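To keep things clear, I will list the structure first and then write my remarks on it.
The values are calculated or read from the model by the stated rules, or taken from the named source; none is laboratory data. It should be emphasised that the depicted structure is a prediction, and the values quoted were computed from it without experimental measurement. In this analysis, Cβ positions are derived from the backbone assuming ideal geometry, glycine residues included, and neighbour counts consider all displayed protein chains.
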Number of protein chains: 2
Amino acid sequence: MGGDFAPQATVSGALLALAELDPAHTIQLVGATATIEAELARQTNGEHRELAGHRGRIEIIEAPDVIGMNDKPGAAIRGKPNSSMVVGLKLQVGGKSDAFVSAGNTGAQMAASVVVLRLHAGLKRPAIATVFPTAKQPVVVLDSGANVDCSAAELTQFAQLGAIYAEDVLGRTNPAVGLLNIGEESEKGNAAAKEAHQLLLAAGLNFIGNIEGRDLPGGACDRGPFDVVVCDGFVGNVVLKFYEAVAPFIIATLKKAGVDESQLGAALQHLDYSQYGGAPLLGVKGISIISHGKSSPKALKNALKVAARAVESRMDEHIGRRLQPASTATV
Amino acid sequence: MGGDFAPQATVSGALLALAELDPAHTIQLVGATATIEAELARQTNGEHRELAGHRGRIEIIEAPDVIGMNDKPGAAIRGKPNSSMVVGLKLQVGGKSDAFVSAGNTGAQMAASVVVLRLHAGLKRPAIATVFPTAKQPVVVLDSGANVDCSAAELTQFAQLGAIYAEDVLGRTNPAVGLLNIGEESEKGNAAAKEAHQLLLAAGLNFIGNIEGRDLPGGACDRGPFDVVVCDGFVGNVVLKFYEAVAPFIIATLKKAGVDESQLGAALQHLDYSQYGGAPLLGVKGISIISHGKSSPKALKNALKVAARAVESRMDEHIGRRLQPASTATV
């Protein structure tokens with residue numbers, strides 16, 4: 001029920017995902033049963049007629065309450081225990097589900113994920129990992145908005161989480177981790193970044209040092225390409241929202257100057273956020289993927305595929321294992 | 001002598017500026033006299049033959065030492081008292097000069113500016129104000145790298161400094177000031193941003209509230225356009241370096257896709273940093289303009305014009321006056 005275009009976009013995304021996922025996977029749609037059934041019937045008799053064969057792989061789970069996009073997170077999850085958010089996450093605790101995807105209220109999803117799934121031992125806070133398009137390869141930026149004031153130990157944990165995500169979901173071997181900073185020298189940065197640099201050197205990761213704002217679009221610094229970028233959620237959020245807005249701004253400028261629109265679209269396709277689908281909330285015990293409220297069916301399909309890859313690669317188990325020594329060493 | 005292309009670019013920038021500045025203005029070139037004289041002679045007999053008439057408005061001030069781009073700031077200004085950086089700034093203290101512009105070592109320029117010019121009463125630190133191109137109007141972003149850990153009181157002082165710069169140098173009336181944050185609600189952000197929001201409401205400025213990363217390319221938020229963006233030097237530096245890199249990245253992508261290069265250049269001209277020339281170090285008693293080490297003659301010409309506007313508008317006096325009540329109220 002979550003997101004600006006629910007249930008149309010969520011139902012459509014589920015059907016599109018089923019067509020591409022391993023046939024063993026099924027999808028649970030959580031929300032008002034009658035509404036979902038009607039939408040499924042409409043789409044499988046309409047625009048997704050060719051996907052009607054996948055209807056049997058969809059289960060509807062009743063959840064009558066809806067958390068609005070502007071509800072306060074804490075109050076919403078306490079006051080609406082039968083919301084699709086809370087009910088959907090609880091399925092994982094009961095072993096009835098492996099992963100949760102939502103385009104609903106991000107704050108409520110974070111809060112409900114921590115309350116329902118709980119955090120891995122040794123972690124104080126989860127991090128939102130956003131996949132960020134670059135000239136070379138997509139990179140994982142975390143935290144991108146869950147935590148505004150981060151300690152060096154927390155930044156180091158984010159690095160551990162991001163490295164596992166890059167390995168398990170993006171398929172990177174020995175992922176290169178960079179610390180977002182204002183200069184490449186280890187003594188640069190604010191207090192947290194300076195201390196985090198030292199902790200990261202000892203964290204058992206492939207830490208390639210500080211990277212700067214100028215290195216982000218290219219996905220590489222002087223020491224080579226990187227897979228994971230660690231920063232606090234304040235700077236991560238500002239940079240990601242800026243990036244989301246700057247490409248459309250440049251495209252609009254070029255269109256106004258008469259540059260051919262079809263050329264622009266094709267050239268900038270890899271900047272299209274919808275192909276990355278969703279941002280996992282890393283650190284919780286289980287899988288919770290946060291999708292943008294304005295997610296298209298394609299974005300939701302890709303978020304569901306990210307969730308499936310996370311499950312198939314046993315990401316959650318790897319995170320639990322990796323955090324054991326790290327938490328003793330750094331917290 | 002400062003910058004990657006000195007003395008060619010600096011001498012050329014000075015000649016170009018004199019041709020556009022009020023005839024009452026003169027320029028002092030500070031450095032190794034013989035080198036500067038030879039370069040001036042070469043250019044006024046060569047590519048700038050038509051500007052030879054302005055040679056009489058240039059004075060050469062001897063400064064034999066050169067601070068390298070990689071010298072450590074503190075050691076450089078103590079160890080090289082006869083550098084063009086230190087000698088050039090001292091001219092203002094002696095009343096022999098009104099403003100200083102350099103494309104040299106930024107760290108050394110900041111340190112030398114604070115030591116030689118000193119800070120206005122009530123200020124703890126200066127801020128670098130960078131002019132940032134947007135779809136609407138250029139905006140001033142500060143701090144863009146001088147201070148990595150900022151208190152709310154310091155962010156509020158940056159707002160005061162930026163508002164005066166926007167008025168005096170950019171010609172804005174009652175400049176709108178925004179606080180860079182991760183959401184528009186006043187309770188959003190890290191500890192410093194939340195407290196700064198409250199201080200800014202009481203600072204006697206035209207404070208329009210929080211602005212987000214997504215508002216930057218357009219130069220406007222829901223509440224209208226803004227002239228000044230306040231942030232700490234960590235996030236400011238990351239965002240500005242990212243912005244400098246993202247436009248060339250998108251242009252390269254489009255070229256590869258076969259979009260016509262001449263169209264791109266014309267359309268994106270207003271993203272050209274060289275037209276903004278230099279970033280003032282605000283808060284020192286006097287004028288110190290920091291130019292990029294890679295500054296072209298055009299960028300240096302524009303930095304000199306920014307310096308002249310700051311002097312003509314009596315920016316320094318306005319800053320001293322504005323900080324009196326603010327410093328009592330907020331520090």
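Couple of notes before you dig in:
- Restricting the first member to the range B:160-171 and to residues that are among the polar types (S, T, N, Q), and the second to residues that are surrounded by fewer than 24 Cβ atoms within 10 Å (Cβ to Cβ), the beta-carbon pairs closer than 6 Å and six or more apart or on different chains are B:GLN160/B:ARG322; B:GLN160/B:ALA326.
- Qualifying positions in the range B:116-126 - under 16 Å from B:ASP149 (Cα atoms) and more than 12 Å from the chain's Cα centre (by Cα): B:LEU123, B:LYS124, B:ARG125
- Exactly one residue out of B:ALA24, B:ALA76, B:ALA41, B:ALA14 is part of a helix (DSSP H, G or I) and farther than 25 Å from B:ALA111 by Cβ, and it is B:ALA41.
- A:PHE226 being within 21 Å of B:GLU212 (Cα to Cα) and assigned by TED's automatic domain parsing to the domain that holds A:PHE158: no
- Scanning the range B:135-174 for residues that are among the acidic types (Asp, Glu), within 14 Å of chain A (Cβ to nearest Cβ) and over 22 Å from A:GLY213 (Cα atoms) returns a single hit, B:GLU154.
- Residue in the range B:20-35 that is without any contact (Cβ under 8 Å) to a residue 40 or more places away in the chain, within 23 Å of B:LYS294 (Cβ to Cβ) and exposed (fewer than 13 other Cβ atoms within 10 Å of the Cβ) present: no
- Taking the listed residues A:ALA76, A:ALA121, A:ALA108, A:ALA38, the one that is more than 30 Å from A:GLN198 (Cα to Cα), exposed (fewer than 15 other Cβ atoms within 10 Å of the Cβ) and not hydroxyl-bearing (Ser, Thr, Tyr) is A:ALA38, with no other qualifying.
- Of the criteria (1) under 25 Å from A:ALA17 (Cβ atoms); (2) surrounded by fewer than 13 Cβ atoms within 10 Å (Cβ to Cβ); (3) modelled with pLDDT under 95; (4) not charged (D, E, K, R), which one A:ASN45 fails: (3)
- Residues of the range B:79-105 that are buried (at least 16 other Cβ atoms within 10 Å of the Cβ) and either touching a Leu at 6+ places or on another chain (Cβ under 6 Å) or in a helix (DSSP H, G or I) (or both): B:SER84, B:MET85, B:VAL86, B:VAL87, B:GLY88, B:LEU89, B:LYS90, B:LEU91, B:GLN92, B:SER97, B:PHE100, B:VAL101.
- Qualifying residue in the range A:114-125 (condition: modelled with pLDDT of 95 or more and touching a Phe, Trp or Tyr at 6+ places or on another chain (Cβ under 8 Å)): no
- Number of residues in the range B:217-261 that are within 17 Å of the chain's Cα centre (by Cα) and of a type outside the set (A, V, I, L, M) equals 10.
- Residue within the range B:127-148 that is assigned to a helix (DSSP H, G or I), under 15 Å from the mean Cα position of the chain (by Cα) and of a type in the set (Phe, Trp, Tyr) present: no
- Whichever residue in the range B:303-321 is touching a residue at least 40 places away in the same chain (Cβ under 8 Å) and basic (Lys, Arg) and, among such residues, is farthest from B:LEU18 (Cα to Cα): B:ARG314
- Filter result for A:ALA112 (hydrophobic (A, V, I, L, M, F, W, C) and either in contact (Cβ under 8 Å) with a residue 60 or more places away in the chain or part of a loop (DSSP other than H, G, I, E, B) (or both)): no
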